[in-house]
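Right, one structure below, let's go through it.
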Amino acid sequence: MNDGPSSDLERWRLVLGAPAAGMTGLDGETAAMDAALSWLYGRDPDLAERGVRGGGSGDSNLTAVDWLDDVHRLFPQETVERLERDAVERYDIHEIVTDPEVLARVEPNPALLRAVLRTKHLMNPEVLALARRIVTEVVRELMARLATEVKHGLTGTRLRRPSNFRQARDFDFRGTVRANLAHYQPDSKRLLIEKPRFTSRGRRHTQPWQLVLLVDQSGSMVGSVIHSAVTAACLWGVPGLRTHLVAFDTNVVDLTSEVTDPVELLMKVQLGGGTDIARAVRYGAGLVDAPRRAIVAIVSDFYEGGDEGALVRTVHGLVGQGTHVLCLAALDETANPDYDRALGRRLADVGAHVGAMTPGHLAEFVADRIGR
């Protein structure tokens, strides 16, 4: 791989593109870097209007496969990931995730996973099989990272009870003192221990709780869909908790049966369409068996396309029966909230918790409730 431009002047030439062609000459791999950047960013009309990078000095016959080979050869990995992300998310170059030759070369990363989920409806079965590799590898990495975060959030509450199994770490100091007070010797100010006490540690028995995750699958929520699917998989099988996962747009799809296989689940998600949160919350309310042992978490941007009044009334009813309602604007590792704050305030006014939570924070919230 090239060490990059040899001077600050060459770096500025690469940043500014064709309009700065008179600044300095480029040759060899530096010229190839300029061509690769121009192939991508030269199509940006806003930049062209500002004269930052003109209509592209790259080879007009360059294909996405050729371009991908070039950027992997010319740039460091962190730059490659940024270029690939801009290609699929900023310029909608679908060949990056729909061309089998490209998919065979591309390095899986979260940006490409989002692109696959947005464009899988364009793929034939052969391409879809290749795209699944991206989904599988990125989900595996997310599972490894989020499982640790969720496990930490789910640290079990513990109950101390008497035990005949004696080991130093389980010595019950207070219980021992109380049990042997009759043997206290005032003259020497000593307490004789005839009956040491020990405790065992075991998880507190809890009645089952329900977690109902309602996830907006409109196109803008793709990141939250991914993290919700992986979080649900991490929470599946937690003692004392039944997890449901429901995706919605204007329709509602119960994906609970797929929670144990987040790859298959994500491949079935259909992104796009409108948003009817009220309908989804009504469905979620119907899943609740024991209201005071239920958590309903709505993951959405809360730009309601349905009946806002009906949504507020349904949430109010859930809160009134003792159900914990979480309105989560984001459910990823950055927890960057982007939602309709006016509707959020209305939901908060009727008792919902409104804001943003990472998977770890959600797990802590769940653990706090089921550990009571």
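The values are calculated or read from the model by the stated rules, or taken from the named source; none is laboratory data. Quantities reported herein were computed from a predicted structural model and do not represent experimental measurements. Keep in mind that these areas ignore ligands, DNA and RNA; they rest on the heavy atoms of the full protein, side chains included. Shrake-Rupley method; radii C 1.70, N 1.55, O 1.52, S 1.80 Å.
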### Task
Enumerate the amide H contacts of Gly306 below 5 Å, restricted to partners 5 or more residues apart or on another chain; note that Pro and chain-start residues carry no placed amide H.
Ile277, Ala278
### For Thr243, residues with placed amide H under 5 Å, excluding near neighbours
Leu211, Gly237
#### Entry: Of all accessible heavy-atom area on the stretch 234-372, the percent that carbon and sulfur account for (1.4 Å)
46
### Query
³J(HN,Hα) across the stretch 298-315 via Karplus (A = 6.51, B = -1.76, C = 1.60, θ = phi - 60°), whole Hz, x for Gly/Pro?
9, 9, 6, 8, 6, 8, 6, x, x, 9, 4, x, 5, 4, 4, 5, 5, 5
#### Entry: Calculated log₁₀ intensity ratio I(q)/I(0) where the Debye formula runs over C-alpha points of the stretch 85-128, q = 0.20, 0.24 Å⁻¹
-0.53, -0.78
### Task
Could you check how many percent of all C-alpha pairs in the stretch 72-146 are farther apart than 18 Å?
36
### Query
When the Karplus curve 6.51 cos²θ - 1.76 cosθ + 1.60 is applied with θ = phi - 60°, which whole-Hz ³J(HN,Hα) does each residue of the stretch 347-356 get, with x for Gly and Pro?
5, 5, 5, 9, x, 7, 8, 10, x, 9
### Query
Quick one: accessible area per residue over the stretch 233-372, 1.4 Å probe, rounded to a whole number of Å²?
41
### Query
Under 5 Å between amide H atoms, partner at least 5 residues away or on a different chain: which partners does Val354 have, H built in plane at 1.01 Å?
Cys327
